[in-house]
Structure formats: C-alpha cells, structure tokens
Amino acid sequence: MITLTINGGRHSVDAPPDMPLLWVLRDLLGMTGTKFGCGAALCGACTVNLDGIPRRSCVTPVSAAVGHAIATIEGIGATSVGKKVQQAWLDLEVVQCGYCQSGQIMAATALLAKNPSPTDSDIDQAMSGNICRCGTYTRIRAAIKHATRGKP
Amino acid sequence: MSPLSRREFLVVSAAAGGGLLLGWSWRTAGARETASVFAPNAFIRIGTDGRVTLIMGQVEMGQGTYTAMPQLLAEELEVGLDQVRLEDAPPDEQRYANPVFHFQATGGSTSVLGLYEPMRRAGATARTMLIAAAVERWQVDPATCHAKRGVVIHAPSRRRLGYGALAARAAELPIPDNVTLKRPEDFKLIGTSAKRLDSPAKVNGTAQYSIDVRLPGMKIATVAASPVLGGKVAAVDDAKARAVPGVRQIVRLEEVVAVVADHMWAAKQGLAALAIRWDDGPNATIGTEDVVRELAAAAETPGVVARKEGDATAALAGAAAKLEAVYEAPFLAHVAMEPINCTVHVRPESCEVWTGSQVLGRAQATAAQVTGLPLDKIVVHNHLLGGGFGRRLEHDYVTQAVRIAKHVEGPVKIIWTREEDVQHDVFRPYYYDRVAAGLDAAGRPTAWTQRLVGPSILARWAPPAFQNGLDGDALDGAVHLLYDIPAIQVEYVRHEEPVVNTGFWRGVGVTHNTFVIESFIDELAAAAKQDPFEYRRGLLGKAPRARAVLELAAQQAGWGATLPAGRGRGIALMYAGHWGSYVAQVAEVAVSPSGEVRVHRIVCAVDCGTVVNPDIVKAQIEGGVIFGIGGALWGEVTLKNGRVEQSNFHNVRVLRMNESPAIEVHLVRNFEAPGGMGEPGTAVTAPALANAVFAATGKRIRKLPLERQLRSA
C-alpha cells in the first residue's frame, strides 16, 4: 500500500510503484478531473502540483509522489490563489471544450503562487507546456493577469 | 407515462405527476404520433415543481452550443438562464435531426444557423400555452397577460402564477398553430454575452467527458490497430502481456488487438508486451508521394463543372496576361485534447454505450448492428466532448469499442493512446488544385478557373447530399467566389483516396478553398502590381457585406502603415455558402532567415448576421485562428511504407501559448440571418498567413504547411 497526500487528505492505494500518478488518480482513486492527453509529458493535460510545482502526472511514478503534497483540480479551489484563478477563468470565459483546462489552471495557479505579477514572458514560460486545441491561449493569458488583480 | 396525441410539430404530454413536455420537430411536421414525457422528443420540459429542463439536441464540444441553444429557448420561453437545467439528448435521428443534415449531427457550424428559429419557436409555443392556461384560470383577456422569469403575470390585477402551477393544465391545451416570435429589438438574451452554462464545471474538474466514465466492475482497455493502414493481425503472442499484473484479457479482432485490464497503466504495459505479427496487406509500400502522384494525374482530367459563367477558356486565351498555379493542402489529423474513447457494456439482451459523439444516432445504430440487438435495446449516453473538430462526426471508434466489448464480461472503457489517436485518425483529405486566371491590360481579372481534386466526404457520410457528381462541401467557397470576374469556371474531380480514411476537419472544403482562392487572388494583385487589399476591394462591388468586413479588417489592422523590417502583412477574405458568414483577416508575421514564421498579430472582422452570443462568436474566431495557425505553419500527416509517420505532440506540432499572437475580433452587428461561426476563423487563417509570408519574403507558398516549404524554398 502506498499513502499519498492529495489536496490535504491522506489516501492509501494499492498501486505498483512505477504506475504513473495520473492513472492512480483517475483509475484507482476515481479523481477524474486530471486528464489524460498524451502519456508522454508533451501536452500538460495531466498537470498536478507537487509541493506547488507543476508536474506531468502521466510520467510521474506514484512512488515519486509519496511524501509530497499533491494538489489536483478537485482541490485547488480551496486555496486562495486557485480560487482566484478559477474565478478569473469564469470572468473572462476562458473555457471552450474544457478538457485541457484542469491542467491549465494547475499550471497557472503554480505560477501565481510563486510569482504574483508575472510578465508575458513569465506566462509564456510557465504555460507553454500546456496545449489547448480549442485555442484559448489569448484568454488564458488575460485571465492570469486578471487573477493578479482579482478579489480574493 | 400517459401518451397524448400529437399535433402539428409540437409534442405535448402530461408528465407523470403532471408536467409539460414540449418540443419542436422539424422532420415530422404535420405528423400525428404519440409521445410520453419520458420520450426524448422534446427541448423543453417543465415540472409541476416549476423546474425547467432544456434538452440539448446539439452536443457541446467547446463551441458554446450549450449556451446558445438555451439562450434561444429561454428568450422566447421567458425564463432566465439561471432558472434552467440542461440535459443531453438521447439518440434519435428524427426528433433531434439537424435541420441541415436531416439526421442527428452536430457539425459544419450549423447549430445556430439551422436552429435559430426552431428553438425560438419551441420556446414561444411553450410560453404561449402557459399564458393560455393562466388566462383560462383567471378568465381575462390574453392581451393583458405576459410572462417573465417563469411566471405569468396579469398586470391589471397583479395576479401571478408560476410555470410549475400552470404546467399540468398547459399540457392539456391545444397547441397553437402559429405563435408570435419576439421582435429582435425586444430581445433580452439573444445578442448578449450570456455566461457559458458549461464553464463552472469545467474549471473545477467536475465536468464529465466520456473518458471520465466510471462504472462498477468496469475494465479499461487500450488497443493497437495495424500500423500499416488496412493491414490485419496475422499472429499474436500474448504470454508476456498476460503476465503483467492487472491484465485480464486479450481480445484479438481482424485488424486490432485490445488489452483489457484493471486500469490503463496495466493495459498500456500489456500492449507494450504483446508480440503482434501483422499482415501488412497491399499498402505496405505506399508513401505520400504515391498519393500526390495520383492526385496530380487526376488533375489532368476535366472535372464536373460546378460553376460556369461566361467562357473562361476563351477569356483566358484572349487575356493580356495569364497566370497558372497548382496548390496543395496535406492530410491533417485532428488531435482533439480528449483522446478517442468509448465505454460499452454488452449484455445478452441489451447494450449500453457511454461516449462523446457528434453523431449520436449513428453511435446507437452501429452498436445495434455489431451486437445484432434491436435499436431500442441500445442505450447511448452522450457526454461533453473534449474537442470534436470533425473527428467525432465519425463513429468508427464506437463500432470498434462495441466489437471489443462483445468479448468482455461487464463494462469496458476503451481508450486509444495518443499514438493510436493520431495514426488511426480519419484525416482531412489531401487536396490538389489547378488554378488559372487571365488579366486585362489594366491588371483586372477577366477569367478565373479552379479545378479541385479530392475525395467526396459527403458521398460517404451523407450520400443524399452528393448530387450530380458534386460535393457541396468540397466545393464550398470555391463556387461562391465573390469577386466580380466575367468568366468563371469551377470544376470538381472526385478522386477517392484508396488508402487513407478521410473526413471532416474544421472547415474542410472551405478551409482548403479559401487557402487556394485567397492566395491566388493575392498572386493576381501582385502580377497587376496593385495593393492586395485595394485589388480585392475593387472586385467586391457586388458583395457589399464582404467588402465591408474587408475594409473593417484593413482599417483596424492599420493596413498600409509601415512595419518593422522583416515583417509582412497579409489579407484574406472568407465566405462560405452554407455558413453564410463573412470574415476578413489581416495577419502580421515575421519570417526568420531559416524560415521560421512568427505570427505577431491577427485582426479579424466578422459579419455572421444575427449574433446570439457575441463573446462566444469572438471565442470561436480566436480559437479557430489558433487552430488555423498551427495547421497552416506545421500541420501535415505523411505516409511512409503505408504507415502514418506522426504519432504524438512531438511531431504533431500545434500552436502553444508562447507562439500565440495577439488576436482582435471586430463584429459587424446586423439582423441578417445568423451564419455559422465554428469554422470560419480557421478557414480564413492559412491564406492570410501565406500572403503575409509573401509580403515579408517575396516567396509565394502554394503548398501547406508553410514552414516546410519555406525551408525548402
């Protein structure tokens, strides 16, 4: 049994140590907000934050997540930055199909938690690993800036 | 369930517990039939508790239909969007038929243009009947009553009755033959940027896509189909795969092997451990060059004439200058963010399917065909789609999933890896075009010909739409050329691709034709030594709406203003007959010495007639442009030895945040008929970029993707 700390709660799960965190979350724990997109750390749909750092859960063995604080889309609204980001996404109507947005919101939250006033170049650096096929990038950029000004 | 008689195009029935069920069905207008509250022939359901349910016959894949359709219904029903809940429609080819396709389909940017009036009529009829129920109760003049936010109000006496209290009686009333729709100037919801109803669930992880389905006892499977297109499984050694912990079963079909497991990780490991010997079949040596050679040969033969004005041959012969060119557009993959997936539970007497489909009725029909069960034993649950772009207008993956699930005890979720999703996509066709034009001494075009070579998607996908040898989708845009040229001939050479499965891809025919037309008109302007904006403008005397968007885009983009060295500005115009929308775009790019294109700024002007939700229209243009930029700069699927060479996002390059330009969208507002908006942003982008590249470098790129050609140019 492996014990994980996810969104502040402890979860015990019977998983092989090399099983990617993505499939542990989705298939064993039923937390389907984190998405499968490529399986190769190329698209960012599976982004979760480990100790506040964005990680591609599709290539992160579950054993590497043990002992770290795992944050997922299901819990990110409970943090003040995550809540602001979600609200900014709603205020600016970022989403279209929405499938990549869990990963986008996790990446944006990690960025803003470390850097409350990111420049365009900071945003490029933090967000370029997250693909959106609907093409919501201009709104994501605007929403990140909006979140820095947003109410808590 | 208490069936009630059906009259005209409306279905009304008393709900169990007495509610109102009402819907408009354009396919069965005038027919008499019965329906019960539980039957899905409805767009509006109102319970005696006052709850208003709107049933969504068009599926949501990001385009905003789960907001636009409710806006149309709620506007006339006189309820607020905060008072409704939405329900996915079940499969039903008649009752949820798309008015353009005549069966249940969401695609081709048709939802608003096809349902603008039917949805309003459904809402208005329900409202009229609820008011009639109140009038009867109060015995007052109907003209003294009105509805607002789900309540009927008799203003003189200040009496009020909620829809819930009126629903049971309204369900028994005769259905009015004609209802009065609101005047546009009275709209409260239509034309406003109402908040998207699907957004909240999509920012907190609770939105349910079909890949998120979880069922008791469900297994998870992943598949490998023959890497050579059209190949078959010759032999499978599954000993190592079976030894993977969590792997439960290997299912071998003629052309695909599935590994069924407790979770996706075990399934993926099992798949990697399989030793499959493939029978490659006849396609094992096919490459892209073979495809292009056949297309080029077909382009030497005359096609079916789709548009003819004047005598183009004579006009070309008599022209002061003649230009000829060949344009090519490659196979393209969709790579929607949600990989292809479908969950199926086959039981002896029934079959249940959970998927995300743009063609729900077809998903049901294929499950019936594969299982041999009657249609009414097939239950299909649709979900939010993690992107469609035309991919989910095909039901191949549902067919495959049901075939696999027939061999599996209990429910099984089949998920394609991204590699499988790319390599076994149904690709945008490779198109090959020969164009020619004649100019008079002043540089004005006297003749225009386009011979378009490609497959007919419609002949396969909607056979009745393929008529007289013409595919209206492949030709869309080409036959609607708006430029005032005295002699025009457009020909279509249908050339079915023998190896590669081809289908719709955001804009399909229009996307390809707009690239050809708008690049070539740019060539004519250059040959005439005229400004490309002024040249187009001078040819649009008979197309005022097109000229207006062209002028607006040019004005907003600062057309003619000096750019920094190394940058170029390109302009393009888009009009498609079946969308009825006009879009002009100005693109500003920089091209590096090594041929890398950086898109700095995109300005679009849009006239799509009546706008239901301006912010969603803008979002569709923004997203369509970004989809179009990646496609134009890098998009291509190539074949080598019968296999697709691309496999995942490392070699299927799409636009990313750091490459995304500033995008401005300017809407022209009027009350013309509403036009389609899901695809035009993509369609107009490739030629604007190609023309900007020409302005920046002097290189005319006639074959997509642009960067590959710039590197070899």
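Treating cross-link reach as a plain straight distance, find the lysines whose alpha-carbon is under 22 Å from the alpha-carbon of residue B:640, omitting any fewer than eight places away in the same chain.
B:232, B:703
Can you compute the radius of gyration and Dmax for region B:596-694, using only the Cα atoms, both in Å?
15.8, 53
Which net charge results for the neighbourhood of residue B:484, defined as the other residues with beta-carbon distances under 10 angstrom from its beta-carbon, given Lys and Arg at +1 and Asp and Glu at -1?
+2
Could you pull the accessible area for residue B:643 with a 1.4 Å probe, rounded to 10 Å²?
100
Roughly speaking, to the nearest percent, how much of the protein assembly as shown's 1.4 Å accessible area is carbon and sulfur?
In the protein assembly as shown, the share of accessible area belonging to carbon and sulfur is 51 percent.
Going by amide H atoms built from the backbone, whose H comes under 5 Å of the H on residue B:666, apart from near neighbours?
Under 5 Å from the amide H of residue B:666 lie the amide H atoms of B:604, B:605, B:606, each far enough along the sequence or on another chain.
How many square angstrom of accessible surface are buried between B and A, both sides summed, with a 1.4 Å probe and rounding to 100?
4500
Which length gain, in nm to one decimal place, applies between residue B:600 and residue B:650 when the Cα-Cα distance is subtracted from 0.36 nm times their residue separation?
15.7 nm
When the solvent-accessible surface of protein heavy atoms is calculated with a 1.4 angstrom probe, in what order do B:512, A:11, B:407 fall, highest first?
If we order B:512, A:11, B:407 from most to least accessible, we get B:407, A:11, B:512.
At 1.4 Å probe size, with no ligands or nucleic acids counted, give the accessible surface of residue B:431 in Å², nearest ten.
That residue has around 0 Å² of solvent-accessible surface.
What residues does region B:249-265 have that are buried by at least 10 Å² of accessible area in the full protein assembly compared to the chain on its own, 1.4 angstrom probe?
Listed in order, they are B:263, B:264, B:265.
Bins of 10 Å, beginning at zero and ending with the bin holding the largest distance: percent of Cα pairs per bin for region B:342-427, please.
Each 10 Å bin holds this share of Cα pairs: 19, 54, 24, 3.
Give me log10 I(q)/I(0) at q = 0.09, 0.11, 0.21 Å⁻¹ for region B:151-278, Debye formula, one equal scatterer per alpha-carbon, no solvent.
Log-scaled intensity ratios, in q order: -0.61, -0.68, -1.18.
Would you work out which of B:479, B:613, B:285 lies farthest towards the positive end of the dipole of chain B? Charges go on Cβ: Lys and Arg +1, Asp and Glu -1.
B:613
Any residues in region B:187-210 that have 30 Å² or more less accessible area with all protein chains than in their chain alone, probe 1.4 Å, and which are they?
With the partner chains in place, region B:187-210 has these residues losing at least 30 Å²: B:195, B:196, B:199, B:202, B:203, B:204, B:205, B:209.
Given N residues in the protein assembly as shown, what is Rg(Cα) / (2.2 N^0.38 Å)?
0.96
Put B:579, B:138 in order of accessible area, largest first, 1.4 Å probe: what do you get?
I get B:138, B:579, largest accessible area first.
Karplus couplings for region B:343-354 from phi (6.51 cos²θ - 1.76 cosθ + 1.60, θ = phi - 60°), rounded to Hz, Gly and Pro as x?
10, 9, 10, 9, 10, x, 10, 7, 8, 10, 10, 10
Based on Cβ point charges of +1 for Lys and Arg and -1 for Asp and Glu, what charge dipole magnitude is obtained for the protein assembly as shown about its Cα centre, in debye rounded to the nearest 20?
Magnitude of the dipole: close to 1720 debye.
Compute the accessible area of each residue in region A:105-152 twice, once for its chain alone and once with every protein chain present, using a 1.4 Å probe on heavy atoms, and list those whose area falls by at least 20 Å².
A:124, A:128, A:131, A:133, A:134, A:135, A:137, A:138, A:139, A:141
Heavy-atom accessible area per residue, region B:144-223, 1.4 Å probe: how many Å²?
Here the per-residue accessible area is 47 Å².
Among B:230, A:43, B:327, whose Cα projects farthest towards the positive end of the dipole of the protein assembly as shown, with charges put on the beta-carbon of Lys, Arg (+1) and Asp, Glu (-1)?
With unit charges placed on the Cβ atoms, the residue in question is A:43.
Roll a 1.4 Å probe over the protein chains and send me the accessible area per residue for chain A in Å².
Per residue, chain A has an accessible area of 35 Å².
Roughly what would the spin-label model give for residue B:186 and residue B:467, points 7 Å off Cα along C-beta, in nm?
Taking the simple label geometry, residue B:186 and residue B:467 are separated by 3.7 nm.
Any idea what Rg and Dmax come out to for region B:38-177 if you just take the C-alpha atoms, in Å?
Rg and Dmax of region B:38-177, Cα atoms, are 15.7, 49 Å.
What's the whole-number percent of alpha carbon pairs in chain B lying beyond 38 angstrom?
When every Cα pair of chain B is considered, 42 percent fall beyond 38 Å.
For a Förster distance of 60 Å, can you work out the FRET efficiency between the beta-carbons of residue B:304 and residue A:12, rounded to the nearest 0.05?
Result of the calculation: an efficiency of 0.35.
So what's the back-of-envelope 222 nm ellipticity for the protein assembly as shown, counting only DSSP H runs of four-plus at -39500 (n - 2.57) apiece and dividing by all residues, rounded to 500?
Helices in the protein assembly as shown give a 222 nm mean residue ellipticity of -9000 deg cm²/dmol.
Using 7 Å Cα-to-Cβ label points, what is the residue B:253/residue B:442 separation (nm, one decimal)?
The modelled label-to-label distance comes out at 6.3 nm.
With every protein chain kept in place and ligands, DNA and RNA left out, what is the accessible area per residue of region B:255-325? Probe 1.4 Å, answer in Å².
Per-residue accessible area for region B:255-325 comes out at 48 Å².
Return an integer: the convex hull volume of the alpha-carbon atoms of region B:127-195, in Å³ per residue.
118
Under a cut-off of 14 Å between alpha-carbon atoms, report the aspartates and glutamates in cross-link reach of residue B:542, not counting same-chain residues fewer than 8 places apart.
Cross-link targets: B:484.
Just to make sure I understand: if all protein chains stay in place, what is the order of A:114, B:703, B:182 by accessible area at 1.4 Å, largest first?
Ranking A:114, B:703, B:182 by accessible area, largest first, yields A:114, B:703, B:182.
Looking only at the protein assembly as shown, where both bridge partners belong to it, what percent of the DSSP beta bridges are antiparallel (to the nearest 5)?
Of all bridge pairs located within the protein assembly as shown, approximately 75 percent are antiparallel.
For region B:612-651 and region B:279-358, write down the distance between their C-alpha centroids in whole Å.
16
Report the charge-dipole magnitude of region B:514-629 in Debye, nearest 20, computed about the Cα centre from +1 at each Lys and Arg Cβ and -1 at each Asp and Glu Cβ.
That gives a dipole near 180 debye.
Project the alpha carbons of chain A onto their principal axes and report the range along each, largest first, in whole Å.
43, 29, 24
In nm, give the distance between the simple-model label positions of residue B:670 and residue B:640, each being 7 Å from the Cα along the Cα-to-Cβ direction.
Between residue B:670 and residue B:640, the label points sit 5.1 nm apart.
Roughly how big is chain B's charge dipole about its Cα centre, with Cβ charges of +1 (Lys, Arg) and -1 (Asp, Glu), in debye to the nearest 20?
Dipole about the Cα centre, nearest 20: 1260 debye.
How compact is region B:574-650 by the rule of thumb for globular proteins, expressed as Cα Rg over 2.2 N^0.38 Å?
For region B:574-650, the normalised Cα radius of gyration is 1.44.
The values are calculated or read from the model by the stated rules, or taken from the named source; none is laboratory data. Keep in mind that what you see is a predicted model, and the values were worked out from it rather than measured. Methodologically, a virtual Cβ is constructed for each residue, glycine included, from the backbone with ideal geometry; neighbour enumeration extends over all protein chains shown. For the accessible areas, the whole protein counts, side chains as well, though only heavy atoms, and no ligand, DNA or RNA atoms are used. Shrake-Rupley method; radii C 1.70, N 1.55, O 1.52, S 1.80 Å.
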